Amino acid sequence: MKSTLLRVLALVMVTSLLLLAAGCGPAETPAPAPAEETPVPAPTEEPEPPAAEEEAEAPAETIQLTFWHYWDGHNGETFDALAEEYAAAHPNVEIEPLYIGWSDLLPSLQTAASGGDVPSFAIADMVWMPKLAESGALVELDPYIDASGVDLDDFYSALLNIDRYDGAYLGLPVSTNNLELFYNKELFAAAGLDPDQPPTTWEELQAAAETCADPDNAVVGMELYTEAANEGLTWQFQVYLWQAGADFLTDDYTAAAFNSPGGEQALQFWVDLIEGDGSDLVPWGQFEQGNACMRMDGSWMVGIWANDLTFDFGTAPMPHPADGEPGTNMGGEHIFIFETTPEEQQAAWEFIEWFTSTEVQSRWDRETGFMPIRDSVANDPDYLAWMQDTEPRLAAFIESQQYAHARPSVSNYQELSDLFSAEVQRALYGEASIPEALAAAEEAVNAVLAK
């Protein structure tokens with residue numbers, strides 16, 4: 001996932017926007033005031049050196065900030081450019097971004113938190129925040145938020161809630177994304193389907209998948225993530241779970257909630273796709289090779305595939321059951337500060353305030369394809385005009401963000417996800433019935449939650 005979290009502006013546009021926002025971001029720090037000139041005493045026969053308190057003030061020392069993240073490719077390059085822009089406008093601040101792969105970042109952050117050798121600030125996948133909060137090494141941001149006047153009401157509450165622990169904010173969202181339907185317009189047309197009319201319900205999805213599939217040419221109708229080795233299966237299946245009116249855990253996070261009629265409906269739909277002609281147990285990655293008619297994936301792929309795919313593709317809100325409800329999975333990253341020195345913490349906060357501002361977030365979203373974290377960005381006429389003119393395929397993701405669910409905010413979520421996906425995979429491979437798989441997953445998850 002990892003997550004997260006989609007890249008489209010031309011360099012000239014980015015540069016001009018970056019220069020514009022650099023002068024108006026709300027977190028701009030005034031340049032250090034010039035040192036006052038020290039009065040020079042009238043010369044005498046033997047001039048006395050000026051007293052220590054009369055000496056000119058020394059220039060402000062440069063504050064070195066280290067930042068750990070897992071944004072690679074164009075996302076990483078975009079962040080690096082923003083960090084350089086910020087440092088250029090703040091000569092007393094230097095920012096050193098360090099890329100650490102997604103699978104290694106959380107262990108690295110935990111090791112740093114326990115050993116004291118921490119970065120100034122960092123990002124984390126949203127599901128890591130509870131575990132990092134338990135470390136006790138994160139700075140409470142409320143005093144900084146209050147002093148700077150950041151409008152928390154402008155942030156989406158579902159995202160902010162992830163950062164609140166024991167009544168205090170330990171982070172802020174900096175990016176978000178969700179999952180929607182991608183479809184190959186050329187395969188649709190070849191199968192006699194209307195490339196401008198993607199499916200809207202599960203029933204239509206199954207029918208389109210069966211019509212578009214071409215087993216003789218190794219083309220699957222709907223590509224499903226069926227590998228239990230990482231978060232991918234749970235991350236994708238939860239969308240179907242929520243659309244069927246079920247949930248992953250109970251509201252108080254004390255027990256599994258997926259072994260329910262809605263859970264059975266969702267898993268039955270996957271099994272029916274696989275056992276019928278709509279899908280198959282194939283390695284993930286068929287869509288980009290032109291070997292799948294449809295796939296659910298994240299908003300970040302719009303920018304990647306806009307440049308990389310050799311065929312025309314479309315996007316649409318993820319179909320849901322005719323008697324169900326819209327739903328998707330919310331991903332993204334949150335930013336936080338480690339306890340270091342007051343000066344370092346303040347400098348890190350001022351960058352975070354600037355980075356999460358409406359102006360900078362609008363540019364960040366345009367470049368990366370992430371979804372807005374603030375209402376002021378989502379409703380910004382310039383942002384919406386850019387989306388319609390430049391990449392209208394993002395519209396499905398923006399439209400569906402209102403239906404996005406967050407994964408449970410529990411510190412042992414990854415263990416729960418692994419246990420769940422292992423049992424679901426057994427049902428997909430015909431090694432267990434749907435009731436057996438859900439019951440086994442429920443037992444395993446509840447055993448962990450009871451510890």
Can you find a residue that is of a type in the set (D, E, K, R), within 24 Å of Tyr240 (Cβ to Cβ) and part of a helix (DSSP H, G or I) anywhere in the range 190-205? yes
Which one is nearest to the chain's Cα centre (by Cα) among residues in the range 301-324 that are part of a loop (DSSP other than H, G, I, E, B) and more than 22 Å from Val239 (Cα to Cα)? Leu309
Hey, could you check the range 32-91 for residues that are under 29 Å from Thr111 (Cα atoms), hydroxyl-bearing (Ser, Thr, Tyr) and open to solvent by 40 Å² or more (accessible area, probe 1.4 Å) and say which is modelled with the highest pLDDT? Thr66
What's the number of the condition Pro130 fails, among (1) farther than 28 Å from Gln64 by Cβ; (2) open to solvent by 20 Å² or more (accessible area, probe 1.4 Å)? (2)
Whether any residue in the range 250-269 is over 20 Å from Leu181 (Cβ atoms), among the hydroxyl-bearing types (Ser, Thr, Tyr) and crowded, with 17+ Cβ neighbours inside 10 Å is what I want to check. yes
Sole exception among (1) over 16 Å from Asn329 (Cα atoms); (2) open to solvent by less than 10 Å² (accessible area, probe 1.4 Å) for Gln388, by number: (2)
In the range 336-375, what residues are open to solvent by 30 Å² or more (accessible area, probe 1.4 Å) and within 17 Å of Tyr169 (Cα to Cα)? Glu339, Gln346, Glu350
Please work out which residue is farthest from His334 (Cα to Cα), limiting yourself to the range 107-127 and to residues that are open to solvent by less than 30 Å² (accessible area, probe 1.4 Å) and within 20 Å of the chain's Cα centre (by Cα). Leu109
Search the range 156-195 for residues being hydroxyl-bearing (Ser, Thr, Tyr) and surrounded by 15 or more Cβ atoms within 10 Å (Cβ to Cβ), and hand back the single one that is farthest from Gln236 (Cα to Cα). Tyr169
Within the range 394-436, how many residues turn out to be within 30 Å of Phe313 (Cα to Cα), open to solvent by 50 Å² or more (accessible area, probe 1.4 Å), modelled with pLDDT under 95 and in a helix (DSSP H, G or I)? 3
Tell me yes or no: at least one residue of the range 300-314 is open to solvent by less than 10 Å² (accessible area, probe 1.4 Å) and within 30 Å of Tyr165 (Cβ to Cβ). no
All positions within the range 236-249 that are open to solvent by less than 30 Å² (accessible area, probe 1.4 Å) and more than 22 Å from Phe182 (Cα to Cα): Ala246, Phe248, Leu249
Please enumerate the residues belonging to the range 196-235 that are of a type in the set (S, T, N, Q), crowded, with 19+ Cβ neighbours inside 10 Å and over 28 Å from Asp365 (Cβ atoms). Gln206, Thr226
Kindly indicate whether Gly331 is open to solvent by less than 10 Å² (accessible area, probe 1.4 Å), within 19 Å of Phe182 (Cα to Cα) and assigned to a helix (DSSP H, G or I). no
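The values are calculated or read from the model by the stated rules, or taken from the named source; none is laboratory data. None of the values given here were measured: they were computed from a predicted structure. Please note: Cβ atoms are built from the backbone with ideal geometry, for glycine as well, and neighbour counts cover all protein chains shown. The accessibility values were calculated without ligands, DNA or RNA, using every heavy atom of the protein model including side chains. Shrake-Rupley method; radii C 1.70, N 1.55, O 1.52, S 1.80 Å.
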